[in-house]
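Here, each number is a calculation from the coordinates, and none is a lab measurement. Note that the coordinates shown come from a computational prediction; the quantities given were computed from them, not determined experimentally. Cβ placement follows ideal geometry from the backbone for every residue including glycine, while neighbour counts extend to all protein chains displayed.
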Amino acid sequence: MASSEKNIWIGFDLGGTKMLAIAYDENWKPLGRRRRKTRGRDGSDSGIERVATTIERLLVENEIPPSRIAGIGIGCPGPIDLTKGRILTTPNLGWDDIDVAGFLKQRFDCGVTVLNDVDAGVYGEYKFGAAQKARCVVGIFPGTGVGGGCVYEDKILQGAHFSCMEIGHTRISSDTRVSGSASPGTLEAEASRLTIAAEAAKAAFRGNAPNLMKNAGTNLSEIRSGALADAIEKGDKIVGEIVEEAARSIGIAVANVVHILSPDKIVLGGGLVEAMEELFVKTVRKSARDNVMSVYKDTFDVVAATLGDDAGAMGAAAWAKRQLTSERR
């Protein structure tokens, strides 16, 4: 690469158990990618240092000079201090008050935009995927937790100081079951993959899900989205009922969002949805329409995300370009 122009954008997705960095040219052609576990086993680096070394390896492996980086967009789980570019807290990763923007700016000498990881994924789907041309899109991504994001007329819906749309932590039930936060009865407590896996493990232990027991046992770390989908396909009816119940809970959350924002598109994403797309999307759509006021029933659609794992990184890079380019004008 002979050019010295700053025209490469780095998108970084820090969500879940794996991190993903992708380099894009100005036309959004991927120039290289680097995937890595969020937590290392070798002890060589951890936390934000691991983010930096992942980007450095991406650049080296694809012969990209750091001087060509126009900006970095990084999607991080949990609430974000938008002004300072700090992760405030990540219940599922155990990170608190991390100065992501300051660290990466100093390391790579370029502009850095920090946003919530689901906001990044929803923005990616809005710009390049399932929600193109939508006026208002809300994304819900069930995983270890349940993340939410909203894009309205090319702008990510954000609070005055912090990221918002923490839909997983909204209370939808009087149940006392808890999740990554202290509040019981939240959407995350009712519908996250971890909750589904826990209920499925109970069913397997009781002898009601023999296929799941055979292939994954009762270890929650083994009951991933694919294992749940496989158990349903092989006849574990109760596992299907557990997934449907979680999807109905998400449908209730969608109905609440429709009454507040009236979006025209709801995008469901994440590994759980990818593994059981038809079952999940169909159930959420029906539950949402059953629980909204009649005038809203035909005003929105519920669809599956189409960009897969790339949504967060691509959306983070596109948001960084939008924000940093605007600041330079």
Fill in: Long pairs among K127/K297; K234/K297; K133/K321, criterion Cα-Cα beyond 23 Å
K127/K297; K234/K297
Worksheet item: Which far-off residues, 5 or more places away or on another chain, put their amide H under 5 Å from the one on T38, with H placed in the peptide plane?
Response: K18, M19
Worksheet entry | Cα-centre dipole for the chain with unit charges at Cβ (Lys and Arg positive, Asp and Glu negative), debye to 20 | 160 debye
Fill in: Computed helical MRE - 222 nm, the chain, DSSP H runs ≥ 4 contributing -39500 (n - 2.57), nearest 500
-12500 deg cm²/dmol
Response to the item:
The long-range amide H neighbours of F300, using H built 1.01 Å from N in the peptide plane and a cut-off of under 5 Å, are none
Worksheet, complete the sentence: Here the net charge surrounding D264, from other residues whose Cβ is less than 9 Å away from its Cβ (Lys, Arg +1; Asp, Glu -1), is +1
Worksheet item: [x] 21.5, 78; [y] 19.9, 64; [z] 23.7, 81: which one is Rg and Dmax of the Cα atoms in Å as calculated from this entry?
Response: [y]
Item to complete: Please state, to two decimals, what the Cα-based radius of gyration of the range 131-304 comes to when divided by 2.2 N^0.38 Å (N = residues).
Response: 1.04
Discussion item. Which residue, G235, F141, G111, has the largest displacement toward the positive end of the dipole of the chain when charges sit on each Cβ (Lys, Arg +1; Asp, Glu -1)?
Written reply: G111
Item to complete: Indicate the helices, whole DSSP H runs only, in the chain that combine a mean Kyte-Doolittle hydropathy of -0.5 or more with a Cα extent along their long axis of 15 angstrom or more.
Response: 47-61, 117-128, 193-205, 237-261
